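Participant: Structure in structure tokens, see below.
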Amino acid sequence: MHGPASPGWLLVALCAATGAYCLLRMRSSVEEQRIAAGGEALMGFGMAMMAVPATVLTPPSWTWPLYAAVFGAASLRALWAARSSPHHLHHLVGTAAMVYMAVVMAGSPGAAHHVPGGAGVPLLTGALLLYFVGYVLLSGARLVPVAVAGGGAGVGWGDRPELARACRLSMGIGMVAMLLTL
């Protein structure tokens, strides 16, 4: 992503840690939680790879179409899964945002992203920013009561609702940061 290296590395660390925790959540005994955690792990690690500062590592030209294909497939899976669970609609928006960012980066490697014939934020970027800022605020508000109540005794790491929500909140914050630097 474009921008200074220090915040980029912090974003890489946040997204990679979130992806690693989501892998731990895949050990849950509840199938729906395992499936959601797998998709979130893909998002976390994909965001970490995309967030590596361009000043440190310039990815080869084939990287962005590969990201678009991987997250395009994840978008189709999220669309299919959204039939039975509204939570997957958020996965659909997230994976579609990753496809969008990969396409933008493929079209403008090493250059800033601008609206043709004008200045400012492109409409789709602005809409995604609004969605993810709203998601972060809502997730933060939902996290507070769960974190205060805490998890029950004997609850495994994959079944802790406050940690799963914190994971989703972290990825939402990461997505906002990535869209701002686009």
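The values are calculated or read from the model by the stated rules, or taken from the named source; none is laboratory data. Model, not experiment: these values are computed from the prediction. Quick reminder, even Gly has a Cβ in these numbers, built from the backbone with ideal geometry, and neighbours come from all protein chains shown. Quick note on the areas: whole protein, heavy atoms, side chains included, nothing else; ligands and nucleic acids left out. Shrake-Rupley method; radii C 1.70, N 1.55, O 1.52, S 1.80 Å.
Participant: Can you tell me how many residues in the stretch 1-10 are touching a residue at least 60 places away in the same chain (Cβ under 8 Å) and either open to solvent by 20 Å² or more (accessible area, probe 1.4 Å) or β-branched (Val, Ile, Thr) (or both)?
Facilitator: Of the residues in that region, 3 qualify.
Participant: Has the stretch 5-15 got any residue that is of a type in the set (Val, Ile, Thr), more than 11 Å from the chain's Cα centre (by Cα) and at pLDDT 90 or above?
Facilitator: yes
Participant: Next question. Test each condition in (1) part of a helix (DSSP H, G or I); (2) in contact (Cβ under 8 Å) with a residue 40 or more places away in the chain; (3) surrounded by fewer than 19 Cβ atoms within 10 Å (Cβ to Cβ) for Ala54 and report the one that comes out false.
Facilitator: Going through (1) part of a helix (DSSP H, G or I); (2) in contact (Cβ under 8 Å) with a residue 40 or more places away in the chain; (3) surrounded by fewer than 19 Cβ atoms within 10 Å (Cβ to Cβ) one by one, Ala54 breaks only (1).
Participant: Can you tell me which residue is surrounded by the fewest Cβ atoms within 10 Å (Cβ to Cβ) among those in the stretch 57-85 that are touching a residue at least 24 places away in the same chain (Cβ under 8 Å) and over 16 Å from Ala106 (Cβ atoms)?
Facilitator: Ranking the candidates gives Ser85 first.
Participant: What are the residues in the stretch 26-51 that are open to solvent by 30 Å² or more (accessible area, probe 1.4 Å) and of a type in the set (S, T, N, Q), if any?
Facilitator: Ser29, Gln33
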